[in-house]
1. Report yes if residue 60 is open to solvent by less than 30 Å² (accessible area, probe 1.4 Å) and in a helix (DSSP H, G or I), otherwise no.
2. Of everything in the range 80-118, what is loosely packed, with under 11 Cβ neighbours inside 10 Å, of a type in the set (A, V, I, L, M) and more than 18 Å from residue 67 (Cα to Cα)? Give them in sequence order.
3. Could you list, in sequence order, the residues of the range 8-23 that are open to solvent by 60 Å² or more (accessible area, probe 1.4 Å) and in contact with a Ser or Thr (Cβ under 7 Å, 6 or more places away or on another chain)?
4. Would you check which residues across the range 67-77 are buried (at least 18 other Cβ atoms within 10 Å of the Cβ), among the hydrophobic types (A, V, I, L, M, F, W, C) and in contact with a Ser or Thr (Cβ under 9 Å, 6 or more places away or on another chain) and list them?
5. Filter the range 75-90 for residues that are under 13 Å from residue 8 (Cα atoms) and free of Cβ contacts under 8 Å to residues at least 60 places away in the same chain and give the result.
6. Filtering the range 37-57 down to residues that are free of Cβ contacts under 8 Å to residues at least 60 places away in the same chain, within 16 Å of the chain's Cα centre (by Cα) and assigned to a loop (DSSP other than H, G, I, E, B), which residue is surrounded by the most Cβ atoms within 10 Å (Cβ to Cβ)?
7. Please work out which one of (1) in a helix (DSSP H, G or I); (2) more than 19 Å from the chain's Cα centre (by Cα) is the condition residue 74 fails and give its number.
8. Identify the residue in the range 24-35 that is assigned to a helix (DSSP H, G or I) and without any contact (Cβ under 8 Å) to a residue 24 or more places away in the chain and, among all such residues, is surrounded by the fewest Cβ atoms within 10 Å (Cβ to Cβ).
Amino acid sequence: MSDSVFYIMIDIFVTICGIYVIAQYIFMVTTQELRKNMMLPKELPIERCTDQKGYIKAMGTKQLIFGIAATACGLISLMQDLLGSYNIYVSMAAMVIFIVLCLWYGRASKKAIAEFWN
C-alpha cells in the first residue's frame, strides 16, 4: 500500500469520526438523553450519571465544535490528497488544530465526567 492510500484512509476515517460525533450531538440534544455508544469510557455506566441534562448542557457545544472541526480537518486533508494540491502549511494547520481539539475535548470530557458521575 502506498503512502497516499494510507493518508487517504486516515483522512476518510477522521471525516467519518467527525460526522459520527455530530450525529451523536444531534441525538443527545434532541432526545436529552445519553446513549451507551456515545463518546464515553466503556466502564462508565450511564445509569450512574447524576444529571444527564447537566452533562448534555456542559458537553453539547464542545462535542459539536469537536465534530465540526474533525470533519473539516479530515475533508481538508482528503481534498489535498485527492486533488494533489498538497500545501504543507494547510496540512500542518489542520493537523495541529485537530490534535489541539482532541486534547481540549478529552480534558473537558474528563472534567464533566468527574462532575456528573458519582
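The values are calculated or read from the model by the stated rules, or taken from the named source; none is laboratory data. Everything numeric here is computed off the predicted structure, so don't read it as measured data. Counting neighbours? That spans all protein chains shown, and the Cβs are built from the backbone with ideal geometry, glycine included. In case anyone asks, the SASA skips ligands and DNA or RNA and just uses the protein heavy atoms, side chains included. Shrake-Rupley method; radii C 1.70, N 1.55, O 1.52, S 1.80 Å.
1. Considered against the rule, which asks whether it is open to solvent by less than 30 Å² (accessible area, probe 1.4 Å) and in a helix (DSSP H, G or I), residue 60 comes out as yes.
2. 83, 88, 92, 114 - these are the residues of the range 80-118 that are loosely packed, with under 11 Cβ neighbours inside 10 Å, of a type in the set (A, V, I, L, M) and more than 18 Å from residue 67 (Cα to Cα).
3. Matches in the range 8-23: 19 only.
4. 70, 73, 76
5. Answer for the range 75-90, where residues must be under 13 Å from residue 8 (Cα atoms) and free of Cβ contacts under 8 Å to residues at least 60 places away in the same chain: 76, 79, 80, 83, 84, 86.
6. Selected residue: 38.
7. (2)
8. Of everything passing the filter in the range 24-35, 30 is surrounded by the fewest Cβ atoms within 10 Å (Cβ to Cβ).
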